[in-house]
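Reading through the structure tokens given below for one structure.
The values are calculated or read from the model by the stated rules, or taken from the named source; none is laboratory data. Being a predicted model, the structure only gives us computed values, none of them experimental. Note: ideal-geometry Cβ built from the backbone for every residue, glycine included; neighbour counts use all protein chains shown. SASA here: full protein model, heavy atoms, side chains in, ligands and nucleic acids out. Shrake-Rupley method; radii C 1.70, N 1.55, O 1.52, S 1.80 Å.
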Amino acid sequence: QVQLVESGGGLVQAGGSLRLSCVASGRIFSFNTMGWYRQAPGKQRELVAVIPRGGSTTYADFVKGRFTISRDNALNTVHLQMNSLKPEDTAVYYCYFNQGLPYWGQGAQVTVSS
């Protein structure tokens, strides 16, 4: 079992920045993928960015050049630096962890005002 605890998020004006962090704990194997998904009201959950341990990152087209994902393997932590935020980035952001089974964080609200 793996537990995920998110931090960060909040309210920001368009053009601003926010940083999300997620710490994984529990039975963690040497190979896993961490990342972020988001879900806006009335929409399906969608991938934002993922980063495998020792692998290359994957970004959704709508965040390329604005968001940066990074991880600290020693601390089992993943971060999402979000710059140049837009109102359409408003959503609940979920930490994602997968080492054969997917796990989800509790969600962090990100609200971008115009």
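Quick one: in the stretch 24-39, of everything that is of a type in the set (A, V, I, L, M) and more than 11 Å from the chain's Cα centre (by Cα), which residue is modelled with the highest pLDDT?
Once the filter is applied, the top-ranked residue is Ala24.
Whenever a residue of the stretch 63-85 is farther than 23 Å from Thr111 by Cβ, its partners that are surrounded by 14 or more Cβ atoms within 10 Å (Cβ to Cβ) and among the charged types (D, E, K, R), lying with C-beta atoms within less than 6 angstrom and at least six residues away or across chains, give the pairs Asn73/Arg53. So, Ser84, is that one closer than 19 Å to Lys43 by Cβ and open to solvent by 40 Å² or more (accessible area, probe 1.4 Å) or not? Judged against the criteria, Ser84 is not a match. Scanning the stretch 51-68 for residues that are at pLDDT 95 or above and loosely packed, with under 12 Cβ neighbours inside 10 Å returns a single hit, Asp61.
For the stretch 11-34, give me the residue count where each residue is part of a strand (DSSP E or B) and closer than 26 Å to Asn73 by Cα. Number of matching residues: 11.
Being out of contact with any Gly (no Cβ under 6 Å at 6 or more places or on another chain), open to solvent by less than 40 Å² (accessible area, probe 1.4 Å) and closer than 14 Å to Asn98 by Cβ is the filter here, so list the residues in the stretch 15-31 that pass it. Passing the criteria: only Ala24.
Exactly one residue out of Val5, Val48, Val12 is surrounded by 13 or more Cβ atoms within 10 Å (Cβ to Cβ) and within 18 Å of Leu101 (Cα to Cα), and it is Val5. Total residues in the stretch 79-98 satisfying the condition of being under 14 Å from the mean Cα position of the chain (by Cα) and either among the polar types (S, T, N, Q) or under 14 Å from Gly9 (Cα atoms) (or both): the figure is 13.
Restricting Tyr93, Tyr37 to residues that are part of a strand (DSSP E or B), open to solvent by less than 40 Å² (accessible area, probe 1.4 Å), touching a residue at least 40 places away in the same chain (Cβ under 8 Å) and within 14 Å of Leu4 (Cα to Cα) narrows the list to Tyr93.
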